[in-house]
Amino acid sequence: MTERLTPGDPAPEFTLPTDNGDTLTLKDLRGRKVILYVYPAAMTPGCTTQACDFRDNLASLQSAGYEVVGISPDKPAKLAKFRENDAITFPLVSDEDKSVLTAYGAFGEKQLYGKTVTGVIRSTFVIDENGAIEKALYNVKATGHVAKLRRDLGID
């Protein structure tokens, strides 16, 4: 079983390629609160719903001091197409070898249609200004997750 993070743990550092050809380093976001959300595959129904939900709530999340970053094992070119197709307005990062997903406990055994499989575990991590895990939410639902997260964070 993959080791899961808990509040107070240091957020695993990463430097990953983005959808626009840049790289994003968690350390560069230090001093800001970060919502790092993990999704299995760009341009699938659930992942599109979730990304659009974050996009539609981005202004209120940012006004509450949060940066949003999406992470998946998709190649940067697929992420760029995803961003373009759905007007995603926050960074999407690529973890093709799944090392960062594994470090976050978001890649491993999960239940899919009643079977145990190995794959990406839809998860969300709230990282504080100092780089510590504030919330580690595993097996989240694509639909309604952002609304629940906003309630949990006290954002109206």
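The values are calculated or read from the model by the stated rules, or taken from the named source; none is laboratory data. These numbers were taken from a predicted model, which means no experiment stands behind them. Virtual Cβ from ideal backbone geometry, glycine too; neighbours counted across all protein chains shown.
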Could you tell me which residue of the stretch 24-68 is surrounded by the most Cβ atoms within 10 Å (Cβ to Cβ), considering only residues that are among the small types (G, A, S) and part of a helix (DSSP H, G or I)? A51
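Please go through the stretch 112-130 and give me each residue that is charged (D, E, K, R) and either in contact with a His (Cβ under 6 Å, 6 or more places away or on another chain) or crowded, with 16+ Cβ neighbours inside 10 Å (or both), ordered by number.
R122, D128
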Could you tell me which numbered condition E109 fails, if it satisfies all but one of (1) of a type outside the set (F, W, Y); (2) surrounded by fewer than 15 Cβ atoms within 10 Å (Cβ to Cβ); (3) without any contact (Cβ under 8 Å) to a residue 40 or more places away in the chain; (4) in a strand (DSSP E or B)? (3)
Enumeration of residues in the stretch 62-87 that are within 14 Å of the chain's Cα centre (by Cα), closer than 18 Å to I127 by Cβ and among the hydrophobic types (A, V, I, L, M, F, W, C): V68, V69, I71
Could you check the stretch 1-23 and list, in sequence order, the residues that are exposed (fewer than 14 other Cβ atoms within 10 Å of the Cβ), at pLDDT below 95 and touching an Asp or Glu at 6+ places or on another chain (Cβ under 9 Å)? M1
Can you find a residue in the stretch 145-155 that is outside any helix (DSSP H, G or I), of a type in the set (G, A, S) and surrounded by 15 or more Cβ atoms within 10 Å (Cβ to Cβ)? no
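Can you find even one residue in the stretch 72-85 that is part of a strand (DSSP E or B), touching a strand residue (DSSP E or B) at 6+ places or on another chain (Cβ under 6 Å) and not aliphatic (A, V, I, L, M)?
Within the stretch 72-85 (the criterion being part of a strand (DSSP E or B), touching a strand residue (DSSP E or B) at 6+ places or on another chain (Cβ under 6 Å) and not aliphatic (A, V, I, L, M)), the answer is no, since none of the residues qualifies.
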Filtering the stretch 27-54 for residues that are farther than 12 Å from V146 by Cβ and out of contact with any Cys (no Cβ under 7 Å at 6 or more places or on another chain) leaves a count of 17
If you go through the stretch 10-25, how many residues are under 23 Å from L137 (Cα atoms) and out of contact with any helix residue (DSSP H, G or I) (no Cβ under 9 Å at 6 or more places or on another chain)? 3
